[in-house]
Structure formats: C-alpha cells, structure tokens
Amino acid sequence: MTRGPRPFEAAVTGLGLVTAAGVGVKATWHAVTGTARPGRVDRHPELADLPCDFMYTVKGLDAEAVLNATQLRLTDRFARLAVVAAREAVADAGLDPAVWDGSRVAVVIGCVHGGLPFYDEQHTTMLTRGARRVSPKLAPVTMVSAPAGSVCADLGARGPSLAVSTACASGTVAVGTAHQMLRANACDIAIAGGAESVLSRLMIASACRLKAVSTRRDDPLTACRPFDAGRDGFVVGEGAGVLVLERPEHARGRGAAVRALVRGYGASNDAYAAVAPHPDGAGVEQALRTALADADVAPDEVGHVNAHGTGTELNDLVEAGALNRTLGDRPAVTSTKAMTGHTLGAAGAIETAFTVLALEQQLVPPTANLTLPDPRLPPGLDIVRDAARPTAMTCAVKTSMGFGGHNAALVLTRA
C-alpha cells in the first residue's frame, strides 16, 4: 500500500478499570485472560418478576471509603465508578494532579443512560410521598455529563470536558474524540473512557420487552454467549474504563512509560434503524476502513480484534461479516462481554483497555461461553475460545456498534 503522511499517535500511558470481572486493571485482566468464566452475575430482588432478573455487578468496591462526603452526596453510582477508574488511570500514568497544568488536561467520558437508578428512586418518592419530597439534586446527579464533570472536579482537570453519548459505541467514540483533541493540540493530556450503572427496573423491563437481553434465568453465568449458536441476547453490566492519552512529545518529555499507541479512529452511522444494525454491515465496515486509513495501516497488518460481540443474534452476524470482509481470516477475534457484561456506554472504553493489554502482553483473551459457534458466521473467522491465546501482533483493532446506527473503530499499535 502507498503510505501517506505519518499518522498522529496518541500515547496511552495509563489504564483504570472497575468491572464485574474485578476492581482494578490487574484483577480484571487476570479474570478476563485466566479463567474464561464470567465475572459477578447477580440476581436482583427488584427485577425478580422480570424475564431477566440478573446483571453483572461490580463487587469489592467500597465507594464510601474512597470518595468524600460531597462526592457521595452529589453523584450516582455511574459517576463514582468513573472517578475510581480515572484515579487508577492517572496513577498508572505516573501523573500528579497536584502539579500538572490542569488547563491542558481534557476529560471525555462516554455514557448512555446516566443516573437511571436515581431517577427510579425519585419517581417512586414523588408517587408515594409527594413532589415536595423529590430531591433537588436530580439534575446534577443523573445527567449524562456527570462522570466527566466529577472526574474534572476530582482531579483538577480544567481543559475541555465532554460527555459522549452515542449509545453502546460511546466509550470507543470518547477515546477517538480524545485522540482527535490531542491531534488538534487542544490539550496535552486526555482522560478518556466510559461509565455506566443501570440497575433500573424500568430500563431492564423495557429491554425485556424489546427482546434485547437474555432470559436464560436457569443459568445466568452462561447467559451472555457472543457468537454462539445458542445466544439469545446480551446481559447488562455496570462498570467504568478510563485511559490516559497524551501527545507523544508530552509523554516523551516527562519520560512516561507508553503502554500502546492509539493511531487511528473512524466513526459512521448506518442511517437505517433505531434498534438494529443494517443487515449489510456497511456502517461498521465504513468505520473500520476509516480508522485503518487514518492510521495508515493495511488490513493484513491487524493481528487482533476486540469485537463488539454482544451476544445478540443480528449484531454478532453483521459485525462478523464486516470484520471478515475488511480484515480477512488473519486476526484473532474475541468478545470479552461474557466476562464483564454489556456495560453499554462504558463497553468500548473497557474493551479498548483490554486491547492495550493484549498488545502489551501479546495475549488475546478468550470469548467465554462460546461452546458452539453460529454456523452462519464466516467460516474463516478466527474467534479465540476456551483459553487465552499467545499472539504475536503489532496492531489491533477495537470495534463498537450501538442503537441509532452508531459505529466506531480504533486502531492501536504496540509502543
């Protein structure tokens, strides 16, 4: 292929993760690569009479012990998860908010639903106790921009701050937007990711009616089955993933350890339907080809794909076809959602962190719960299953899809 101008490479210097598979990067990655068994899938009493009464839940995080009283009073769980993940990412990057130039630090956090649990609680309060008992904090606690604002306040980041909400592509778009902001020299450091926590009876009831979520109540641990012939929908999860990206000269100037490079980004829209991807997969393929062109990377250079892989019938088939047409049979493909649940607006960021770790450690996580691949998948698609696979690679891709036709893709390379 003819090489163009050198692409912009954002240095990934820090990672932070809070997921049902583990609290912290080390614990989460160990679970995702070491056990091939799902994280915490819990039944919830408030969902007891619904076709799906379970979701992936973060355990082992005592937010009250790490956040101050003001933060606890003015945040719902999704924003708290973002703050905890951001703190880990910033510490991992070796950055000290006490001494950095906060005006050159941007924050971009993806989220879909905001504080739905608090909405549910306050709606019940109004119905049972009257309007005068409704909390005046409803707006600041539940707004989709709460994680970005909370991270800025916690870390003293005074540069541009954005809330990205492009359905389940939000976390990937957040990282891609941060890449673009760094390239435009709008900041030196970008704290980018996603956060979500939607233990909401209303939301889960609606998802059940839509037939989007699994109803495998007899065995919730195996309910999320990406690419499997027996899949019947995704399983909701809560969590947060945050990456620290820096302009390469900024990272070099402070002697930072670079974990990987974000080299290309692409996004598109199917312009087709609110809750289903276009069956031809042209939208996600366009996002992927745009990302490859942005990175100046040929398809045969890609060694690994962390796929969106939700475990819904149409999404898996559409994405698999687009990956196979664009990249061929070479890349080792995985979906990690059976380990974390589908964390909606956080998914793309969590899975981008996994892609960084895969490049760094030359190891592709398995697709848990994949026992019988759907025979309609492209026959050459190389889906990693059963156990993590050592894989020599210099380049990897993260793809995401979402309601409303949103698609996004990132190209990452080894440092």
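The values are calculated or read from the model by the stated rules, or taken from the named source; none is laboratory data. No experiment lies behind these values; they were computed from the predicted model shown. As a convention, Cβ positions derive from the backbone with ideal geometry for all residues, glycine included, and neighbour counts pool all protein chains shown.
Annotations
- Residues satisfying the stated conditions in region 267-312, i.e. touching an Asp or Glu at 6+ places or on another chain (Cβ under 8 Å), surrounded by fewer than 24 Cβ atoms within 10 Å (Cβ to Cβ) and not in a loop (DSSP other than H, G, I, E, B): A282, G283
- For region 109-164, the set of residues classified as small (G, A, S), within 18 Å of the chain's Cα centre (by Cα) and surrounded by fewer than 20 Cβ atoms within 10 Å (Cβ to Cβ) consists of S145 only.
- Any hit, region 209-230, residues being hydroxyl-bearing (S, T, Y), at negative phi and part of a loop (DSSP other than H, G, I, E, B): yes
- A count restricted to region 49-72 and to residues that are within 22 Å of L17 (Cβ to Cβ) and either of a type in the set (A, V, I, L, M) or in contact with a strand residue (DSSP E or B) (Cβ under 9 Å, 6 or more places away or on another chain) (or both) stands at 13.
Residue by residue, here is whether (1) farther than 23 Å from A205 by Cβ; (2) touching a residue at least 60 places away in the same chain (Cβ under 8 Å) holds:
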{"residue": "A31", "(1), (2)": "yes, yes"}
{"residue": "M55", "(1), (2)": "no, yes"}
{"residue": "L61", "(1), (2)": "yes, no"}
{"residue": "L74", "(1), (2)": "yes, yes"}
{"residue": "R80", "(1), (2)": "yes, yes"}
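- Qualifying position, being among the aliphatic types (A, V, I, L, M) and part of a strand (DSSP E or B), among A349, A396: A396
- Residue match in region 360-379 (condition: under 20 Å from C168 (Cβ atoms), at pLDDT 95 or above and of a type in the set (K, R)): no
- Unique match (being over 11 Å from V107 (Cα atoms) and not charged (D, E, K, R)) among A163, A195, A153: A195
- Any hit, region 232-240, residues being surrounded by fewer than 22 Cβ atoms within 10 Å (Cβ to Cβ) and either at negative phi or outside any loop (DSSP other than H, G, I, E, B) (or both): yes
- Residue that is farthest from D96 (Cα to Cα) [pool: residues in region 120-144 that are among the hydrophobic types (A, V, I, L, M, F, W, C) and in a helix (DSSP H, G or I)]: L127
- Candidates A21, A48, A63 - the one that is more than 16 Å from the chain's Cα centre (by Cα), among the aliphatic types (A, V, I, L, M) and either buried (at least 24 other Cβ atoms within 10 Å of the Cβ) or closer than 21 Å to P220 by Cα (or both): A48
- Top-ranked residue in region 321-343 [being within 17 Å of the chain's Cα centre (by Cα) and part of a loop (DSSP other than H, G, I, E, B); ranked as farthest from V236 (Cα to Cα)]: S335
- One residue from A205, A139, A131, A163 being of a type outside the set (V, I, T) and in contact (Cβ under 8 Å) with a residue 60 or more places away in the chain: A205
- Assessment of region 156-169 against the conditions (in a helix (DSSP H, G or I), closer than 16 Å to V242 by Cα and touching a strand residue (DSSP E or B) at 6+ places or on another chain (Cβ under 8 Å)) yields no matching residue.
- Criterion applied to P147, P117 was being touching an Asp or Glu at 6+ places or on another chain (Cβ under 7 Å), touching a residue at least 60 places away in the same chain (Cβ under 8 Å) and in a helix (DSSP H, G or I), and the one residue passing it is P117.
- When L381, L377, L357 are checked against the criterion of being closer than 30 Å to P147 by Cα, touching a helix residue (DSSP H, G or I) at 6+ places or on another chain (Cβ under 6 Å), surrounded by fewer than 24 Cβ atoms within 10 Å (Cβ to Cβ) and aliphatic (A, V, I, L, M), a single residue qualifies: L357.
- Failed item, numbered, when F8 is tested on (1) under 30 Å from R209 (Cα atoms); (2) part of a loop (DSSP other than H, G, I, E, B): (1)
- The one condition in (1) closer than 30 Å to A207 by Cβ; (2) within 22 Å of the chain's Cα centre (by Cα) that D280 fails to fulfil: (2)
- Applying the criterion of being of a type in the set (V, I, T) and in contact with a helix residue (DSSP H, G or I) (Cβ under 6 Å, 6 or more places away or on another chain) to the residues of region 170-196, the residue that is nearest to L243 (Cα to Cα) is I191.
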